[in-house]
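We did not get these values from a lab; they are worked out from the coordinates using the rules stated. A quick note: this is a predicted structure, and the numbers were derived from the prediction, not measured. Here the Cβ is made from the backbone with ideal geometry for all residues, glycine too, and neighbour counts use every protein chain on show.
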Amino acid sequence: MKSESARTNLAIFWISLLGLYLELLLIRWIGTEIRIFAYLQNTVLVVCFLGLGIGLFTSRRTISAQRGLLALVILATVLAVPLSRGALAQTSHYLSVLGEINIWRAGMADTGTDVVLGLIVGLLLTFALMVLILEPFIPIGRLLGRLLDEHPRPIVAYSINVVGSLAGIWLFAGLSRLSQPPVAWFILLVLLVLPFLLACRPREWLALLLLASTVPLVYVPQLTSPAAKTVWSPYQKLELFSLDEPRTDGSPAPVFLVQVNNVGYQEILDFGASERDSEDRGQSDPRPRLTRYDVPPLLHPAPARVLVVGSGTGNDVEGLLRHGAEHVTAVDIDPEILSMGETFHPQKPYDSERVETVNTDARSFFARTNESYDLIVFGLLDSHTTTSLTNARLDHYVYTKESFTRVKNLLNEGGVLTVTFVALRPFIADRLAVELREVFEEEPLAFNLETYSDGVYSVLFVAGDVETARTRVSSEPELGILREISAGRPLKPSYTTPPATDDWPYLYLDHPRIPLLFVLLAGLLGLLVFYAERTLDLPPTMNPRRWDRDAWHFFCLGAAFLLLEVQNISKASVVLGNTWLVNAVIITGVLAMVLIANAIVIRWPRIPVAPVFGVLIATVLALYFVDLARFAFMDPIPKAVLVGGLTTLPMVFSGIVFARAFAVATHKDHALGANLLGALLGAILQSLSFLIGIKALLLVVAAFYVAAMLTRPGAERLEAREIEAVRA
C-alpha cells in the first residue's frame, strides 16, 4: 500500500513539473520566434491555463497524449520550415498595424482597409497558434486531476503539486541561465514525458514517435542558421552575423551585427586606431569620424568616473575610453551580450583595466550602488521582451520618474546625464523629456540624431548640468554635428505626454488605456472556448452558469492569487531588480508561502476561516498604502527578506483559505480546474493596470477575496468532513 502511495505521489510531482516546464518552454520559444508574443506573453500563459483547466474538468475522460503531441509536432514543423516559419513570423507585422505594440520593424498600413485586413490575418494566425498551444495541456490536466481526486490526503497531494511546479520553474530557469537552446529544452521534455508513455497499457507507440520527432524538428533552425554564433541567453535569442562593409567616409565600420529575437539589435563597430591605441604604439593616428558614442564624454569637461547602463557589446564603453574616462562602470542585464562584446569587439573595451562590468538590471544597480559619477550614460536599453507573468517590459522601470530621481542623486556636482533612445513614436521622446524636466527642474537639451555614422536613428537628451553641456555643444569643435542638427532638424518636445512612473511604467503606451489589441485577443480566447466545446464535448460542469458555490469560491481565489503574484513581481522589479533570478525567486517565495499555509492547516485543522479572510483582505489593502521603494537603499539580504516577506504575506492567508476548502471539495479536479480558470481571468484582468496603474490592482484583488468569502462552502460541509479530510 505504501509503495502504491509513493508511486501516486511521484506521479503528481512529475506531472506538475511537466506542466510548468512545458508552459515556460512555450512562453519562451513562441515569444522568441514570433516576436510580438515576446510582448504579449500573457496570450500564451492564458491558453496554457485554459488547457489545464479543460483537462481538470474532463479528468474522467480518456487520457491520450497523441493529440497533444501531434499539436507540438505541427508547431515544431511550421517553425522549422523556412517558408512556414516566415509566414507565421508575419503575425508580428499584422498585429502591430494598430501601432499599439511598439516593436522594431512593426507592420505599416496606409489605409483603414490595410489595418483591418492585417488584423484579420494576424488574428487568424494567432488563433491557429492558440489551438496548437491548448492541446498538449489537456492530457496533462486530465492526469493531474485524476491523481488529485483519488488521493486520500488532498492537502498532501496539493502540496506535492506545488513542489512539482517549483521544480519545473527552476528546471527551466536553470536551462535558461546556462544559455541552452530549444533543442536542449525539448530533449528534456522528451525525458519528462517518456515515463508516462512507457507506463501506458497498451503502449502508445505513435505518441512515442511523435514525441521523439520534436527534437530534430526543433534543431533544424539552429542547424541551418547563417549566424556565426547563436546563443539563447536567459532573456532572448542572440545571433551574431559577420559584416564586411568597408569605411568610405572615415566612420567606424560595422564588423558584426547582433540580432535579438530575429531582428537587428546592435552593431559591433571597429573604431580603428583610437587615441588610446595610438598612445600605446607611440603613433599619432587621426581620430576616426565622430559617432554617437563619442558624444556623451564630450558633453562634460572631464568625465573621470562614468556609469553606462545598457552597455551592450561595448561601443559606448569604447567611446568613453578613447576620450579619457578614468573609470567606466558598464552595466547590462544580459550576460551573453556582455560575453559577445568581450569576445568579438575589435578594440576589446571590456578588457581594459579602467572598465568594471556588472551583469544586473540597471534599476537594481541604481538602488544598491554607493558610488557617484561625473557622467551617466543611458545606452540603447530598448527591450524585446516582457517580464514573467506581467505586462511590463524589461526596460520599463528604468525609464520612470522614480528611476531618474535616483540617477540624479548619483551624479556628482556638475555631473551630466545623457539618454539615447530609439523613439519610434513621437510621444515616447516627449515622455522622456517630461520626466527629465520634472526630475531635474529644467528642460533637458534635446537632439534629433539622424543616421550619420552607425546605422541607428535615435534621440538624445542631456540633463544635469545643462548649462555646462550647452557651452560644450557651442564651443567643442567635434560637437559641430549637434549644432547642425539643432539648426536644421530641431527636436522640440511638447511636454504634454503623461510621465511613466513605478505605478504606471508603460513607456510605450501613449496614455492610460487598455490597448484594443488586448481586447481582441481576449475575444480570441472566447473563440477558443467555443472551439473546445465543439471538438472536446466539454461537460456541463465546466459551464460557469452551472457552477455551485464551491466552483465560484475556487474561481475567485484563483483570480485573486494570479493578480497578487503579478503585484509581487512588479514590486520586486522596482526594489530588487528585474532579472530572471529575481523573478524566479519571487515566484518561489509565493509558492513556498502556499506550502507553509498547507502545513499550518494540517497542524491546526480547526483554525477559523472567517478571521483568516479578514486578515487576508486587511493585509492586501494595507499593501496598497506601503511604498516598497523606500526600502531600495537597504543592504541586499535584509532588503530581499523584508520586501519578499511583505509582498508574499497575503499568500499565507490565501493558502490557508484554499487548503481548508480544497480538503472538503467533492471533486478535487473540478476545484483545481475552477481555480485555474480564475487564474486565467486574473491574467487577462492585469491589463487593467494599463488604465488604473499597478497598485490599484490590489483593490481588484481585495474584491475577489471578498467574493471568495461570500461564496465559501457552507458551514455544514466544513464541520462534518473537514477534520477527517485534513488529518487523513
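Here is how the numbers come out for the structure above:
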{"quantity": "Principal axis dimensions, largest first and in whole angstrom, of segment 587-715 by Cα", "calculated": "49, 36, 24"}
{"quantity": "Extension reserve of the VAL529-ARG67 stretch, reckoned as 0.36 nm per residue once the Cα distance is removed", "calculated": "164.6 nm"}
{"quantity": "Sequence-separation-based contact order of the chain, relative, with Cα cut under 8 Å and 6+ spacing, percent", "calculated": "15"}
{"quantity": "Proximal lysines relative to LYS492, as straight alpha-carbon distance under 27 Å, when same-chain residues fewer than 8 apart are discounted", "calculated": "LYS401, LYS408"}
{"quantity": "Taking segment 547-728 and dividing mean pair separation by its residue count, relative contact order in percent (alpha carbons under 8 Å, at least six apart)", "calculated": "48"}
{"quantity": "Segment 31-161: relative contact order in percent, alpha carbon pairs under 8 Å with at least 6 residues between", "calculated": "40"}
{"quantity": "Selection of trypsin sites (Lys or Arg not before Pro), segment 516-547, meeting DSSP coil and at most 16 other Cβ within 10 Å", "calculated": "none"}
{"quantity": "³J(HN,Hα) computed for each position of segment 534-549 - Karplus, 6.51 cos²θ - 1.76 cosθ + 1.60, integer Hz, glycine/proline x", "calculated": "7, 9, 10, 6, 4, x, x, 5, 8, 7, x, 5, 10, 6, 9, 4"}
{"quantity": "Rounded to whole Å, sorted largest first: equivalent-ellipsoid semi-axes of segment 644-709, Cα gyration tensor", "calculated": "24, 16, 10"}
{"quantity": "The chain: angle of helix 205-224 to the longest principal axis, Cα-based, in degrees nearest 10", "calculated": "0"}
{"quantity": "Under 28 Å from the Cα of LYS668 - lysines, other chains or at least 8 residues apart", "calculated": "LYS2"}
{"quantity": "Ranking of TYR158, TYR531 by count of other Cβ atoms within 10 Å, fewest first", "calculated": "TYR531, TYR158"}
{"quantity": "Packing-based exposure ordering (other Cβ within 10 Å, fewest first) of THR113, THR588", "calculated": "THR113, THR588"}
{"quantity": "Low-density loop positions, GluC sites (Glu not before Pro), segment 293-366 - DSSP coil, at most 10 other Cβ in 10 Å", "calculated": "GLU353"}
{"quantity": "Nonlocal amide H pairs with GLY415, under 5 Å, H built at 1.01 Å", "calculated": "ASP465"}
{"quantity": "Local electrostatic count, GLN236, Cβ distance below 11 Å [Lys/Arg +1, Asp/Glu -1]", "calculated": "0"}
{"quantity": "Ranked MET709, MET634, MET130, criterion: other C-beta atoms within 10 Å, fewest first", "calculated": "MET634, MET709, MET130"}
{"quantity": "For segment 350-380 versus segment 310-337, the gap between their alpha-carbon centres in whole angstrom", "calculated": "8"}
{"quantity": "In sequence order, calculated HN-Hα J values of segment 522-532 (Karplus, 6.51, -1.76, 1.60; Hz; x Gly/Pro)", "calculated": "5, x, 4, 5, x, 5, 5, 4, 4, 4, 5"}
{"quantity": "Segment 532-562-segment 564-638 distance, computed between alpha-carbon centres (Å)", "calculated": "27"}
{"quantity": "Cα centroid separation, segment 499-523 to segment 209-223 (Å)", "calculated": "37"}
